[in-house]
1. Restricting attention to the stretch 312-331, and to residues there that are in a loop (DSSP other than H, G, I, E, B) and open to solvent by 60 Å² or more (accessible area, probe 1.4 Å), which single residue is nearest to Ser130 (Cα to Cα)?
2. Quick one: how many residues across the stretch 12-24 are under 18 Å from Lys102 (Cβ atoms) and assigned to a strand (DSSP E or B)?
3. For the subset of the stretch 73-84 comprising residues that are surrounded by 18 or more Cβ atoms within 10 Å (Cβ to Cβ) and touching a residue at least 60 places away in the same chain (Cβ under 8 Å), which member is farthest from Ser56 (Cα to Cα)?
4. Take the residues of the stretch 103-116 that are under 18 Å from the mean Cα position of the chain (by Cα) and touching a residue at least 40 places away in the same chain (Cβ under 8 Å): which is surrounded by the most Cβ atoms within 10 Å (Cβ to Cβ)?
5. Looking at the stretch 25-110, what helices (runs of 4 or more DSSP H) fall wholly within it and have at least 1 residues that are of a type in the set (Gly, Ala, Ser)?
6. Only one of (1) among the aliphatic types (A, V, I, L, M); (2) surrounded by 16 or more Cβ atoms within 10 Å (Cβ to Cβ); (3) out of contact with any helix residue (DSSP H, G or I) (no Cβ under 7 Å at 6 or more places or on another chain); (4) at pLDDT below 95 fails for Leu70. Which number is that?
7. Tell me which of these Ile278 doesn't satisfy, since it passes every other one: (1) assigned to a strand (DSSP E or B); (2) at pLDDT 95 or above.
8. Between residues in the stretch 85-97 that are within 19 Å of Phe21 (Cβ to Cβ) and residues that are of a type in the set (Lys, Arg), which pairs lie under 9 Å by C-beta distance while being six or more apart or on different chains?
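The values are calculated or read from the model by the stated rules, or taken from the named source; none is laboratory data. Keep in mind it's a predicted model, so treat the numbers as computed, not measured. Reconstructed Cβ throughout: ideal geometry from the backbone, glycine too, with neighbour counts over all protein chains shown. Surface accessibility is based on the protein's heavy atoms, side chains included, excluding ligands, DNA and RNA. Shrake-Rupley method; radii C 1.70, N 1.55, O 1.52, S 1.80 Å.
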Amino acid sequence: MTCKKCGTLPTISQAAGETFFNCSVEPLQLKLLAILQQEGFTARPEGDVIRVMVDSFLQLVSCLGRRSDLAEVESEGISLLFLEQGAQLDFSAFSRTKSLKKWFFLLNNREFLDIFENNSLTTWFQPIVSLPDHEIVAYECLSRGVKADGSLMPPNLLFKLAEENDLLFYLDRLCRENALKTAAVKKISADIFINFVPTAIYVPETCLQSTLHWAQQLEYDPGRVVFEVVETHEVSDLSHLRTILDYYRSKRFRTALDDIGSGHANLTTLAALGADVIKVDMGIIRGIDTDQVKQSIFGALAGIARQNGIKVLAEGVETCDELAYVTQQGADLAQGYLFAKPAPEPVRRVECCG
């Protein structure tokens, strides 16, 4: 069984059929009705719904997208469902409803959508070193979008646009799979940390099926793969996250939590989830050698981790003094620009601080 959220890209059909506009704001509904009539469409208002027969759904969206008198906030308040000729209007059809703003996004952002359609992602690698010997023991896999001209779309923009337009599930799956494939091509023998967004996973057995498939196809030892929860501090449903982590562990993979220390719920998170590794947020690490408050936070986190058999990774290390402090205080691992920036070719050796 495949997950439609993870495996299906939305498209704007060119077929004929019937469209259903929904708008609960009466002045906006009247404005939309007038616009449709001006564009030559026969529109039938029925309560909060406007029904329009079209020869091409793409043509309808294109016509509305060219209107300068339809503000973005207005397009966000209008929902639109399209049914091809012969399709039934049933409960399952409503899952395909999108705001007019999101249909416009699919129409106007070809550069972004090409990354999905062509699987134009690249994975960069940043080394993770053991302490105190500074040997590379792992790499974090970091995704970048590759645009048609070869330039890169940064991950923050890539994921922001995906989340805003119901493509986060699809993108998260592509990034996990691409990380495994690229690490195999680069012949990385160290552990690999692969990020995932917990809100992009509904049912682990279904949503993670393709990721597990590729790990098996590429003959990865599960113990070498660490699935890392991104933005741990923003997770609100700890029970759901625990289900995901338990599923990974049942397949013998390891797990990590990032950004620990950046949010008020992190001690609760750490105690409840029992990951194999915690990554202490770079906001705590930055200048920790001279900041007593940060030292106290780090000491508390490291103490909890030690008591529960969890490894501590200091994230965002940039100076020798920061490195010396976290090493002295018992960090097991470190990552940051002091060792190497993310790069398309994994560095095989690091030298720092003499």
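1. Of the stretch 312-331, the ones in a loop (DSSP other than H, G, I, E, B) are 316-319, 329-331.
If we keep only those that are open to solvent by 60 Å² or more (accessible area, probe 1.4 Å) as well, we get 318, 329.
Details: Glu318: 16, Gln329: 14 Å.
So the residue we want is Gln329.
2. Qualifying residue count, the stretch 12-24: 4.
3. Of everything passing the filter in the stretch 73-84, Leu80 is farthest from Ser56 (Cα to Cα).
4. Per the stated criteria, the residue is Ile115.
5. Answer list for the stretch 25-110: 26-38, 57-65, 72-76.
6. (3)
7. For Ile278, the failing item is (2).
8. Listed by first residue and then by second, the contacts come to Ser95/Lys4.
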